[in-house]
Amino acid sequence: MNPADDLARLTTEAANPASEHLDRLSAREIVELMNREDAQVHQAVREVLPQVAQAVELVAQRLRNSGRLIYIGAGTSGRLGVLDAAECPPTFRTPPEMVLGIIAGGPPALVRAVEGLEDHPELGRQDLQKVNLSAADVVVGIATSGRTPYVLGALEYAQQIGAATVGISCNADPELARVCQVLITPIVGPEVVSGSTRLKAGTATKMVLNMISTGAMVLLGKTYGNLMVDLKATNQKLRARALRLVMRLTGLEAPAAQALLEKCHWEVKTAVVCHHRQVDAQEARQLLAREGGHLRRVIEPDPPERSSP
């Protein structure tokens, strides 16, 4: 098939009737149109929630067993994966190597487009080899078109060595389907600027990645209710948040809560366990490790059953 014809089959490359007179609109009309189009993203993601939940469970299982979550993509897709990976250490106190983001072209491609590299499947394989991909890991291949050779090559290699595979595309029946265990395809329709998949497709992808990483971390005990109790207090804002969390979960006043946090190297969960179980920091960490990091299981040994939604 002619490459142009092949590309024309993709929903994300189609012309959007709603924006055919885009260049005649005022600034207010442009942003109103974009806002109306963005409203479609929420529904598109809603329709793939069962598949996203599968991915969350798969990722949590691999991370629980010392595997890694590795995002890989080219262009906008790669940048979104790198962004999600970069947010995990400060938010969930994960080791930097637990969640990785790989973009075709490496770090320079984050700020300057290196589009030609996406056409080479062998580069996807090589980039996974560079991070020593193993069968314990899970690879999330991100390709809006569903046909990016770089991503296909990466997922094919991941399958060959036994790693778990997830594919994210914004087009129906993508080639990714043949190389992934879980396929997530939020169909957002044509873009306001035809083919500019940093728009609705990028928004849908960001939403899905948020769900995958956050959902997996919650299953791993990185939150207490909706509280970010495993944050890494590396700056003034995060230390203030850690202090508020310990005050809330222990009932201590600020000076006592801060003194406790300092003894626990600013580890919120450790500090809370020290208070509730009346143990030192070392024993608190041991209790948490015994319960897989779940704070609730340590300070509420017999929590009430979860009510039905």
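The values are calculated or read from the model by the stated rules, or taken from the named source; none is laboratory data. Being a predicted model, the structure only gives us computed values, none of them experimental. For neighbour counting, all protein chains shown are included, and Cβ atoms are generated from backbone atoms with ideal geometry for every residue, glycine included.
Confirm whether Leu219 is farther than 30 Å from Ser19 by Cα and either among the acidic types (Asp, Glu) or without any contact (Cβ under 8 Å) to a residue 60 or more places away in the chain (or both).
Details: farther than 30 Å from Ser19 by Cα: yes; either among the acidic types (Asp, Glu) or without any contact (Cβ under 8 Å) to a residue 60 or more places away in the chain (or both): no.
No, not satisfied.
Can you find a residue in the range 242-264 that is touching a helix residue (DSSP H, G or I) at 6+ places or on another chain (Cβ under 6 Å), closer than 30 Å to Cys170 by Cα and crowded, with 20+ Cβ neighbours inside 10 Å?
no
Every residue in the range 83-107 that is under 18 Å from Val151 (Cα atoms) and either modelled with pLDDT under 95 or surrounded by 20 or more Cβ atoms within 10 Å (Cβ to Cβ) (or both), please.
Passing the criteria: Asp84, Ala85, Val99, Leu100, Gly101, Ile102, Ile103, Ala104, Gly105, Gly106, Pro107.
Pairs only if they're at least six apart or on different chains, beta carbon under 6 angstrom, first in the range 41-53 and on the phi < 0 side of the Ramachandran plot, second in a helix (DSSP H, G or I) and surrounded by 14 or more Cβ atoms within 10 Å (Cβ to Cβ); list them, first residue then second.
Once the first residue is on the phi < 0 side of the Ramachandran plot and sits in the range 41-53, its partners that are in a helix (DSSP H, G or I) and surrounded by 14 or more Cβ atoms within 10 Å (Cβ to Cβ) give Val41/Lys200; Val41/Thr203; Val41/Ala204; Ala44/Ala204; Val45/Ala204; Val45/Met207; Val52/Val208; Val52/Met211.
Suppose the filter is surrounded by 23 or more Cβ atoms within 10 Å (Cβ to Cβ) and free of Cβ contacts under 8 Å to residues at least 40 places away in the same chain; does Ile72 pass it?
Here the answer is no, as Ile72 does not meet what is asked.
Which residue out of Leu209, Leu231 is of a type in the set (A, V, I, L, M) and assigned by TED's automatic domain parsing to the domain that holds Leu69?
Leu209
Give the residue, chosen from Gln61, Gln40, Gln54, that is of a type in the set (S, T, N, Q), under 16 Å from the mean Cα position of the chain (by Cα) and either more than 19 Å from Asp173 (Cα to Cα) or exposed (fewer than 14 other Cβ atoms within 10 Å of the Cβ) (or both).
Gln61
Mind counting the residues in the range 186-221 that are under 25 Å from Ala257 (Cα atoms) and at pLDDT 95 or above?
Qualifying residue count, the range 186-221: 1.
For the range 11-37, enumerate the residues that are part of a helix (DSSP H, G or I) and either of a type in the set (Gly, Ala, Ser) or on the phi > 0 side of the Ramachandran plot (or both).
Across the range 11-37, the qualifying residues are Ala18, Ser19, Ala27.
If you go through the range 175-195, how many residues are farther than 25 Å from Leu25 by Cβ and surrounded by 24 or more Cβ atoms within 10 Å (Cβ to Cβ)?
If we filter the range 175-195 for residues that are farther than 25 Å from Leu25 by Cβ, which is where we start, we get 175-187.
Subsequent filtering for residues that are surrounded by 24 or more Cβ atoms within 10 Å (Cβ to Cβ) retains 176, 180, 184, 186.
Looking only at that region, the number is 4.
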